[in-house]
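First comes the structure, then the notes that go with it.
Read-outs throughout are calculated quantities, based only on the coordinates presented, and are distinct from any laboratory measurement. The shown structure was predicted, so the numbers you read here are calculated from the model rather than taken from an experiment. Here the Cβ is made from the backbone with ideal geometry for all residues, glycine too, and neighbour counts use every protein chain on show.
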């Protein structure tokens, strides 16, 4: 660390000059420690030349401090504080300069005496820099003791060594902030007039709030503003408290993008943004219902052309059409997926990532962002594995066709096709338990090449007023990127009929249902809701659905197919499935469970599924489900119940 070593030499030489001064003379602080003609003149000249050389360097501690503070004097103050902490001789030298042997750190007065001589700073300016300057305001150095006056107080380096090492000379980002740094795009992804208008508003006060239904549209516009300014964008997502002002002020040579769309900052947000705008430009992404007195713009949803432009920047024109049609992500998200895809390609020995790697990377990153209220179901089943009546299968095929031709359909209809609803594809699967509703959702997601996200009602439905709305808002926003299908099992728990208002909780419960209905209207993704009790659903909710499928109990031919598909192929020659099909009118879910149990029972023996094993597995499933299981129910199969039935 050349800067620290040089600061140590400066401090030692300044201490020597201070000790050599006549004891009966009062030194003139404004003249410094040497008049330029004394015995140390040559050493001062050499050190000043080395200071000038260091200040032109691009790497090292001093350039990092200079980049961090934006001030030459502040950078040297921080460098001197570092030298005093790392080198005992520097600490001793500063105690001599302070004329107090009890002080072993830099004081404003000691720094000013050194800076006047070595750096050619004005004494008063140097004292002010060490008391109220950029290094103090930004928290790079801090006052260690509180009992002395400012000019004689200890100053210590506030940044830890690990944090200092994290400053790479290009990015002065404090480690206590989680910051994503995005370089400018090569070409604009949004309309140039939109960008120019936002730039004009930003220039008014150095601050701009972007309000949008989805933070993605606002974030993409912020990235476009950074590109137009020729800067990187430093993106900070805020879920709770606002980050400290001093750490935000450390971000230099970037467009600060503060995403507070999921927070409730209140009036303090305006104060923070106004202060930041006085120092540098800042863009805030706020919720669509957030009020602010600062310059603000409402941002429209991104159109398909914008998504294609995003993917052209990341994946080239070859894959941009397909990816832009499937995934509605911003430039920073697409870049992150591109990096993941490149690593996947490297792992398999390829030089470039293909379409499959890019799709897998987007889906994997999307699953990690869904939060604790969502579980991702991994499945490899397809619609060909689903046993349902032809009418149901036809509707499922229509859903696949609707999804794949969605953009062409929207283009043909124009805005009049919305009819007050969003462009999303929402479906209801209803029917008795075990008839294949959830399995159909798994098959459908796999057919579309998307993740399947099951909403955990225990995580979403909160006893605290308003928490359900917040949890679902994040789920909907993430799912709209297009990387997954939302599955609401037992949807009547969330979308049930609104209740009679008897108290405040009833009133707010109705508000939550109303919010869900409204959010469903705006939803741009794919959603599947399952219920065993369709009549319990709110009629206003059902009206908002694109498809409603009623899964019936299977009849004999479909039960035969379900038994054949569920029972392992390694069967005893005498095993006849006909009596099981005819005597037990079971749903597909129960038949599947019987097949799983039979496979394990057979595996414990010779691996062959016999009539005895299948009877045993069937009896246990009926017992577990509290269904009739008498010998009369089993008829001719009752001969194998010995030792099974109680």
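Given labels modelled 7 Å from the Cα in the Cβ direction, how far is it in nm from residue 187 to residue 246?
4.6 nm
Ranked highest first by average number of other Cβ atoms within 10 Å, how do 348-356, 614-622, 105-113, 55-63 line up? Could you put the intermediate results ahead of the total?
Values: 348-356: 12.1, 614-622: 22.1, 105-113: 27.2, 55-63: 15.1.
Per-residue Cβ counts within 10 Å, averaged per peptide and sorted highest first, yield 105-113, 614-622, 55-63, 348-356.
With a cut-off of 20 Å, note down the residues of segment 92-134 whose backbone N falls inside the zone around a label point 7 Å from the Cα of residue 41 toward its beta carbon.
The answer is 116-121.
Within segment 268-306, which residues have the backbone N less than 12 Å from the label spot 7 Å out from residue 204 along Cα→beta-carbon, could you tell me?
Only 293-298 pass the distance filter.
Segment 95-143 to segment 319-360: how many Å between their Cα centroids?
52 Å
Where does each of 453, 403 land when they are ranked from fewest to most other beta-carbon atoms within 10 angstrom? Write down the numbers at each step before the final one.
Values: 453 28, 403 17.
Ascending Cβ contact count within 10 Å gives the list 403, 453.
What full-extension length gain, to one decimal in nm, is calculated for residue 86 and residue 553 as 0.36 nm per residue of separation minus the Cα-Cα distance? Don't jump to the answer; show the numbers that get you there.
Details: separation 467, 0.36 × 467 = 168.12 nm, distance 7.80 nm.
Taking 0.36 nm per residue and subtracting the Cα distance, the gain is 160.3 nm.
Take the Cα atoms of segment 556-640, find their three principal axes, and give me the spread along each one in whole Å, biggest first.
Extents along the principal axes: 30, 25, 23 Å.
Test of understanding: what is the full-extension gain from residue 346 to residue 473, defined as 0.36 nm times their sequence separation minus their Cα-Cα distance? Spell out each step's value before the answer.
Working: separation 127, 0.36 × 127 = 45.72 nm, distance 3.66 nm.
Difference between extended and current length: 42.1 nm.
What distance in nm lies between label points placed 7 Å from Cα along the C-beta direction at residue 303 and residue 536?
Spacing of the two 7 Å Cα→Cβ label points: 4.4 nm.
Show me 322-332, 201-211 ranked by packing, highest mean number of other Cβ atoms within 10 Å first.
Numbers: 322-332: 22.2, 201-211: 19.5.
The peptides rank, most packed first, as 322-332, 201-211.
For a quick protection proxy, order the peptides 475-488, 630-643 by their average other-Cβ count within 10 Å, most packed first. The partial results should precede the final answer.
Details: 475-488: 23.0, 630-643: 13.3.
Final packing ranking: 475-488, 630-643.
Between residue 411 and residue 632, what's the calculated FRET efficiency when r is the beta-carbon distance and R0 is 41 Å? Round to 0.05. Before the final figure, lay out each step's value.
On the way: r = 62 Å, r/R0 = 1.52.
Rounded to the nearest 0.05, the efficiency is 0.10.
Quick one: what do you get for segment 169-324 if you divide its Cα Rg by 2.2 N^0.38 Å?
Working: Rg = 15.2 Å, N = 156, 2.2 N^0.38 = 15.0 Å.
Normalised Rg, Cα atoms only: 1.02.
How much length would be gained if the chain were fully extended between residue 21 and residue 339, taking 0.36 nm per residue of separation minus their Cα-Cα distance, in nm to one decimal?
Working: separation 318, 0.36 × 318 = 114.48 nm, distance 6.26 nm.
Net length gain for the segment: 108.2 nm.
Rounded to the nearest 0.05, what FRET efficiency do residue 292 and residue 368 give with R0 = 35 Å and r taken as the Cβ-Cβ distance? Could you check? Could you put the intermediate results ahead of the total?
Values: r = 31 Å, r/R0 = 0.89.
The computed FRET efficiency comes out at 0.65.
Rounded if a/c is under 1.5, else prolate if a/b beats b/c, else oblate: with a ≥ b ≥ c from the C-alpha gyration tensor eigenvalues square-rooted, which is segment 59-152? Write out the running numbers ahead of the final one.
Values: a/c = 1.42, a/b = 1.30, b/c = 1.09.
The shape class here is rounded.
Hey, with R₀ at 25 Å, roughly what FRET efficiency would residue 574 and residue 596 work out to, going by the Cβ-Cβ distance, to 0.05? Don't skip to the answer; put the middle values down first.
Working: r = 22 Å, r/R0 = 0.88.
According to the calculation, E is roughly 0.70.
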